[in-house]
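Engineer: My questions will all concern the structure given below.
The values are calculated or read from the model by the stated rules, or taken from the named source; none is laboratory data. What you see is a predicted model, and the numbers here were worked out from it, not measured in a lab. Just so you know, the surface numbers come from the protein's heavy atoms only, side chains and all, with ligands and any DNA or RNA stripped out. Shrake-Rupley method; radii C 1.70, N 1.55, O 1.52, S 1.80 Å.
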Amino acid sequence: GSVVVMEVATGEIKAISNLSKRKNGKYAETYNYAVGAQGSREPGSTFKLASMLALFEAADVSLNDTVDTGNGITKFYDEVMKDHKPGGYGNLTVKEIFEKSSNIGVARLITDEFGQNPDRYISYLKSLKLHKPMNFQLIGEGKPYIKDTSDSTWSGVSLPWISHGYELKMTPLQTLTLYNAVANNGKMMKPLIVKSIGKADKMVDTYEHEVIKEKICSDMTLQKVRLLLEGVVERGTAKNINDSF
């Protein structure tokens, strides 16, 4: 498990903690998975936020538009995709797709919009700098990987699988930086863990807050994805952390 606490407006990292299960069954902090190369993995459903950002920026999609997710099992070319619920969800609104974390729903939305030209989708992801290291102040930052159509492993199933967080790699810190930008009115901040270096009573160096991207999306898109994220906590897969009751 990895936990990172980031200050929204500045990108300052206030805390990082990582626990790994040892052979003796106990947990210990032995590696910084939040930042390091071993933590650069397929992000899975957390990446659905990036897909919805791309979708809302490219198309006039309402949160109340519906998608038939069927019985929870569908094929894209020769690969089978499944939803978590046995028997599936049937018809879902865009809002419900995100709240329930429907792989099929997200994949269908993305392939319907970008299937004829996947580079439009990949270009938006790269505009968010998700394919580049952030040059974080700790040595050993894991390199992200966003597959594109020029990759020799690109296939007909790449777009639907990337849409829900597979066939790509990111670290938890890189994922957090994207989510933080949504919280920060669209401004993406570079993570900062060292503000200054001093020696005795002298200041050797200082480090300023840096902006990676001034605005990741339109205000309308920002409003939509915030409603989606709120819905996940209020009614969806994260309602167990809803403390409003």
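Engineer: When the Kirkwood radius is taken over all Cα pairs of the chain, what Stokes-Einstein diffusion coefficient follows at 37 °C and 0.692 mPa s, in µm²/s?
Structural biologist: 170 µm²/s
Engineer: Compute the separation of the alpha-carbon centres of segment 29-103 and segment 205-221 and state it in Å as a whole number.
Structural biologist: 26 Å
Engineer: So who's got an amide H within less than 5 Å of the one on Met6, skipping anything under 5 residues away but keeping other chains? H placed 1.01 Å off N, in plane.
Structural biologist: Lys14
Engineer: Just tell me, in residue order, which DSSP H segments of the chain are both 20 angstrom or longer along the helix axis (alpha-carbon based) and at least 0.0 in mean Kyte-Doolittle hydropathy.
Structural biologist: Result, helices passing both filters: 219-234.
Engineer: Next question. Relative contact order of segment 119-245: what whole-number percent is it, with Cα pairs under 8 angstrom and at least 6 residues apart?
Structural biologist: 18 percent
Engineer: On to the next question. Would you kindly derive the ³J(HN,Hα) couplings of segment 22-31 from the backbone phi angles with the Karplus curve 6.51 cos²θ - 1.76 cosθ + 1.60 (θ = phi - 60°), listing them in order in whole Hz, with x for Gly and Pro?
Structural biologist: The phi angles translate into 8, 4, 7, x, 8, 9, 8, 9, 10, 7 Hz.
Engineer: Highest GNM mean-square fluctuation, the chain, Cα pairs closer than 10 Å: which of Tyr27, Tyr166, Tyr145?
Structural biologist: Tyr27
Engineer: Shifting gears a bit: If you rank Val194, Val61, Val3 by how much accessible surface each has, with a 1.4 Å probe, what is the order from largest down?
Structural biologist: Sorted by accessible area, descending: Val3, Val194, Val61.
Engineer: Using a 1.4 angstrom probe on the protein heavy atoms only, line up His209, His131, His84, His164 by accessible area, largest first.
Structural biologist: Output order, biggest surface exposure first: His84, His209, His131, His164.
Engineer: Let me ask another. Might you work out the accessible area of Leu109 for me, using a 1.4 Å probe with all protein chains in place, and round it to the nearest 10 Å²?
Structural biologist: Taking all protein chains as shown, Leu109 has close to 20 Å².
Engineer: With springs only between Cα atoms under 10 Å, which of Asp83, Asp148, Asp60 fluctuates most in a Gaussian network model of the chain?
Structural biologist: Per the Cα network of the chain with a 10 Å cutoff, Asp60 tops the list.
Engineer: Please tell me which of these pairs span more than 25 angstrom C-alpha to C-alpha: Lys48/Lys147; Lys75/Lys100; Lys21/Lys126?
Structural biologist: Lys21/Lys126
Engineer: Suppose a student asked you for the relative contact order of the chain, using Cα pairs under 8 Å spaced at least 6 residues apart; what percent would you report?
Structural biologist: 24 percent
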